[in-house]
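The values are calculated or read from the model by the stated rules, or taken from the named source; none is laboratory data. Remember, it's a predicted structure, so these values are computed and weren't measured experimentally. As a convention, Cβ positions derive from the backbone with ideal geometry for all residues, glycine included, and neighbour counts pool all protein chains shown.
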Amino acid sequence: MVKFAVIAAVGAFATAKISPSIHRHLEANHDVDVVVEFRDGNQPALRAANLETATIQTRGARIAHVRSLLESNMETSQRAAVELLSSQPEAFTTRVESFYINGNMHVYGANRIVLDELAKLDNVAHIRLPVVVDLPVINDEDDNVVGLPVLDLLSNSTSVQAANEWGVNLISAPTVWAGGNRGEGV
C-alpha cells in the first residue's frame, strides 16, 4: 500500500508540472504545441555573466561571452529532455526548437505520452501552452500598411515602410514638411 502511495504521489507531481490548459486541449486533440520551462531558466548563466563581463573590454566580446554562457546553460539544462525526445518515435513529436535567450524549449506536436515523460524529468519546471499575440495592422492616412515588413514580389526583396513617431501627426508636422520646411538653419 505504501509503494502505491509513493507511485501515485510521483505521478501527481509530474502531472502538476503540466498546465491545466494543456490537459483541456488534449481532451479534444491528439497533440499540442507546448513550451517547456526548465528549473532556474537562464539565471545561472546571467549570474556568471554578471561576474565575468566586468573584465571584458569591448562590447562585442561581452555580447559574445554572454551568448556563449546562455547557449552552454541551455545545452546543460535541456540535455535530458533532448535525449528523451530523440529517443521517442517520430510520430510523437513533429519539431523541437530550443531558445538560448530564455532557456525554454518549444515542442511542436507533442502527445500525452511525451508530455508525461517530460514532466517526470527533474529539471523540468513547467510545461505550458505558447503565448500567441495578434498584432494590429497599422495604416496611415492613405490606408497603406506602415511599420511592418512589405514584400516586393517583383524584386524579391523585403522593405519596411517607416511610420511617424508618436505625436508627429498630432502637431501636423507632415504638412509643414510637405511645404519644404525641415527646420534647417534655425
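Can you tell me which residue within region 4-37, out of those that are surrounded by 16 or more Cβ atoms within 10 Å (Cβ to Cβ) and part of a helix (DSSP H, G or I), is modelled with the lowest pLDDT?
14
Cβ-Cβ distance below 8 Å, separation of 6 or more or different chains: which pairs start in region 111-128 with a residue that is within 12 Å of residue 18 (Cβ to Cβ) and end on one that is among the β-branched types (Val, Ile, Thr) and in a helix (DSSP H, G or I)?
Between residues of region 111-128 that are within 12 Å of residue 18 (Cβ to Cβ) and residues that are among the β-branched types (Val, Ile, Thr) and in a helix (DSSP H, G or I), the close pairs are 115/22; 116/15; 119/15; 120/10; 127/22; 128/22.
Can you confirm whether residue 185 is modelled with pLDDT under 65 and either in a loop (DSSP other than H, G, I, E, B) or not β-branched (Val, Ile, Thr) (or both)?
No; evaluated as a whole, the condition is false for this residue.
Could you go through region 92-104 and let me know if any residue there is over 21 Å from the mean Cα position of the chain (by Cα) and either over 28 Å from residue 132 (Cα atoms) or at pLDDT below 90 (or both).
Checking region 92-104: at least one residue is over 21 Å from the mean Cα position of the chain (by Cα) and either over 28 Å from residue 132 (Cα atoms) or at pLDDT below 90 (or both).
Of the conditions (1) at pLDDT 90 or above; (2) part of a helix (DSSP H, G or I); (3) out of contact with any helix residue (DSSP H, G or I) (no Cβ under 8 Å at 6 or more places or on another chain), residue 175 satisfies every one except a single condition; which number is it?
Here residue 175 meets the rest and fails (1).
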